[in-house]
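A.B. asks: I'd like to ask you about the structure that follows.
The values are calculated or read from the model by the stated rules, or taken from the named source; none is laboratory data. Model, not experiment: these values are computed from the prediction. Methodologically, a virtual Cβ is constructed for each residue, glycine included, from the backbone with ideal geometry; neighbour enumeration extends over all protein chains shown.
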Amino acid sequence: MMVWQLLRAGADLNLADDDGRTPLHAVLHSHEEMAQFHRSQDNDLISRGFQIILEVLLDGGAEKNLADNFGRTPLHVAARQGNLALLHLILKARADPDLGDDDHRTALHAASDLGLD
């Protein structure tokens, strides 16, 4: 797997881009874009691929509470997407569910906006 090879080569798990997005943010945003593009039976396979990448990053020590330029942590992003599987993985890694974004909104606010139980 390419992500694993880059980590073995010493890639920084917590290096942010110009928007403040770390690799954890990137995998979550990419998953959302791919899911919108591929509204088909392949979504389960695509989702599993992103879950594996997320697990590799978290197991490698990626900081799960780092926020982007809008104050959104990976947990916020997963909640905004309504992706329970990815949300579960991030919570399992002990992400803080009470961190607020720049508007003081938590992941619970994001999930509630979607009407998710």
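A.B. asks: I'd like the full set of residues that are at pLDDT below 95 and basic (K, R), limited to region 73-117.
C.D. replies: R80
A.B. asks: Within region 78-110, how many residues turn out to be among the hydroxyl-bearing types (S, T, Y) and more than 23 Å from D19 (Cβ to Cβ)? First the steps, then the outcome.
C.D. replies: Taking region 78-110 first, the residues among the hydroxyl-bearing types (S, T, Y) are 106.
Now restrict to residues that are more than 23 Å from D19 (Cβ to Cβ): none.
Matching residues across region 78-110 total 0.
A.B. asks: Right, another one. Could you please tell me which pairs satisfy a Cβ distance under 8 Å, a separation of 6+ or placement on different chains, a first residue in region 1-30 that is more than 17 Å from L89 (Cα to Cα), and a second residue that is assigned to a helix (DSSP H, G or I) and among the small types (G, A, S)?
C.D. replies: Final answer for the pair search is D17/A26.
A.B. asks: Looking at region 46-72, which of its residues are touching a His at 6+ places or on another chain (Cβ under 9 Å) and modelled with pLDDT under 85?
C.D. replies: Passing the criteria: I46, S47, G49, F50.
A.B. asks: Now for a different question. Quick check, is A110 more than 16 Å from S47 (Cα to Cα), of a type in the set (A, V, I, L, M, F, W, C) and in contact (Cβ under 8 Å) with a residue 40 or more places away in the chain?
C.D. replies: For A110, the condition - more than 16 Å from S47 (Cα to Cα), of a type in the set (A, V, I, L, M, F, W, C) and in contact (Cβ under 8 Å) with a residue 40 or more places away in the chain - is not met.
A.B. asks: Would you be able to say whether some residue in region 64-80 is surrounded by fewer than 15 Cβ atoms within 10 Å (Cβ to Cβ) and touching a residue at least 40 places away in the same chain (Cβ under 8 Å)?
C.D. replies: Yes, region 64-80 contains a residue that is surrounded by fewer than 15 Cβ atoms within 10 Å (Cβ to Cβ) and touching a residue at least 40 places away in the same chain (Cβ under 8 Å).
A.B. asks: Would it be correct to say that R105 is surrounded by fewer than 20 Cβ atoms within 10 Å (Cβ to Cβ) and of a type in the set (K, R)?
C.D. replies: When the stated conditions are applied, R105 passes them.
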